[in-house]
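One structure is given here, and the rest of the page talks about it.
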Amino acid sequence: MERAEDAAAAGNGVRRAPSTAPSARVSIWESVRACGVWGKEVDKADLRRQVVMPLYLRRAVKAAVVAKDEAAGVAAASEAEVEEGPVVAPVVVFVNSKSGGRHGPELKLRLHELISEEQVFDLSAVKPSDFVHYGLSCLERLADQGDNCAKSIREKMRIVVAGGDGTVGWVLGCLSDLYKTKREPVPPTGIIPLGTGNDLARSFGWGGSFPFGWRSAVKRYLSKAATAPICRLDSWQAVILMPEGEIKELPYALKKGEDSDRLEISQQNGTELSEKASCYKGVFYNYLSIDDNASVTMKLSALTMHKLHEQQNGTRVTTIGMDAQVAYGFHHLRDEKPYLAQGPVANKLIYAGYSCTQGWFCTPCAAGPQLSVRSLVVLNLYNYGSGRHPWGDLKPEYLEKRGFVEAHSDDGLLEIFGLKEGWHASFVMAELIKAKHIAQAAAIKFEMRGGEWNRAYVQMDGEPWKQPLVQDQSTILEINKVPYHSLMINGE
């Protein structure tokens, strides 16, 4: 039976998120297909009439974002000649010029040609939070002053992110502030895949790689962004509570908690935090994993659909998450020597090299009564690791036997699976076998201690960091669902 919220969403034109996605091998065909006539079907003039805002509003939004002051945008609009016309679906594009090797800067120039310079923002110069706080606020103020065109554009606005999974997550996180400040509607988001894995893009039908014939394909991306249906995506908040120390080199997905966050955590746990304690908060949409230098206890919510063991003290997990350490090494190499990371193929070769040098293929799992895996992954999407499906297409008989339900990216559940040594992971990624199914859960709590190491490697949606650990005190990582969905444009 369809849930009440599903029925309401269907009435608003929001579709259920897909439970499956094409195989990673399909992305090669997608890239070849884009070389043909498919991208040329979209007429440039028709596209501009569909997605380009009137000039006075483009300039107003740009001025507000650059000045970081919505009043500056309102003033720019009042000085310009007002022009109104039918607005189908205005599209604003955020480009990560560091993604996609050499394609990022070239793509930005192509977008300037197709739509307008004012509707394209380079994330190396403009933060998406500035657009949300100042650009959209400018449109809202103009609408309050009686500008019907600004009101229509604000209501119909759609976002496209040209980047990888981490970039998409960064933009989605900034857009979620609109829920918190009750400034709905929240613009839905489409994707031009420029990253290495592009699992968010794969999951919502935008393809797994930047197409070979990209100059013509960009028009098709923009046209789909303006007209395609909307579906939902669960968002998950991770809260890290450290007994002492701080996290250095924070990724975009993570930020240090404020005093109000510390107070909230103290009230929830019923204990007062020490002055040395610190907390961090972040949101992920795809996956989270932890490396193998930590001794970890995992506790699952009472809402869990399936538990590995019915133990009050949780499930003990040792040696987990080598992939986070590999990702950390790759990101540092890309920052220090960007000329080596010239595209998805080169990036994947670097990843493979790090996997071998870190000993994943050579170090066996520890034997013992605990659950011993080299990598433990908490997954929200169907795709992982460049379009692989480690959770798999499970048969109804197996689902019933294990107490699982069919996985969707908007079902309020996370899939938890493990990978053993590198050889096991290789077979899983080749889709010859399935990963080790552990649980489906609505909330998770990890308690980590350093053992013989004083740090672990953690990553969320491809954004890694070093997590300091203390041997005699636990570092807590809690994962809970955000009470609202992110909205995605279905590119299929």
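The values are calculated or read from the model by the stated rules, or taken from the named source; none is laboratory data. Not measured: the values here are computed from a predicted model. Glycine gets a Cβ as well: all are built from the backbone with ideal geometry, and neighbour counts include every protein chain shown. Just the protein is used for accessible areas: all its heavy atoms, side chains included, with ligands, DNA and RNA removed. Shrake-Rupley method; radii C 1.70, N 1.55, O 1.52, S 1.80 Å.
In this entry, L111 passes the filter for residues that are farther than 30 Å from L379 by Cα, in a helix (DSSP H, G or I), at pLDDT below 95 and open to solvent by less than 10 Å² (accessible area, probe 1.4 Å). Taken across the stretch 454-463, residues that are small (G, A, S), closer than 25 Å to N198 by Cα and open to solvent by 10 Å² or more (accessible area, probe 1.4 Å) do occur, with at least one present.
Yes/no matrix, rows are residues, columns are (1) under 12 Å from the mean Cα position of the chain (by Cα); (2) free of Cβ contacts under 8 Å to residues at least 60 places away in the same chain:
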{"position": "G146", "(1), (2)": "no, yes"}
{"position": "A150", "(1), (2)": "no, no"}
{"position": "V168", "(1), (2)": "yes, no"}
{"position": "I191", "(1), (2)": "yes, no"}
{"position": "T196", "(1), (2)": "no, no"}
{"position": "W214", "(1), (2)": "no, no"}
{"position": "Y221", "(1), (2)": "no, no"}
{"position": "A226", "(1), (2)": "no, no"}
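In the stretch 143-155, is there at least one residue being open to solvent by less than 20 Å² (accessible area, probe 1.4 Å), under 19 Å from V92 (Cα atoms) and out of contact with any Leu (no Cβ under 9 Å at 6 or more places or on another chain)? For the stretch 143-155, residues open to solvent by less than 20 Å² (accessible area, probe 1.4 Å), under 19 Å from V92 (Cα atoms) and out of contact with any Leu (no Cβ under 9 Å at 6 or more places or on another chain): absent.
T475 meets all of the listed conditions (1) at pLDDT below 85; (2) crowded, with 17+ Cβ neighbours inside 10 Å; (3) polar (S, T, N, Q) but one, namely (1). Taking the stretch 225-249 as the range and being surrounded by fewer than 16 Cβ atoms within 10 Å (Cβ to Cβ) and under 20 Å from F94 (Cβ atoms) as the test, only T227 passes.
Across the stretch 196-224, the number of residues qualifying as under 23 Å from V88 (Cβ atoms) and hydrophobic (A, V, I, L, M, F, W, C) comes to 5. In the stretch 273-302, of all residues being over 24 Å from the mean Cα position of the chain (by Cα) and within 21 Å of K255 (Cα to Cα), the one that is modelled with the lowest pLDDT corresponds to L273.
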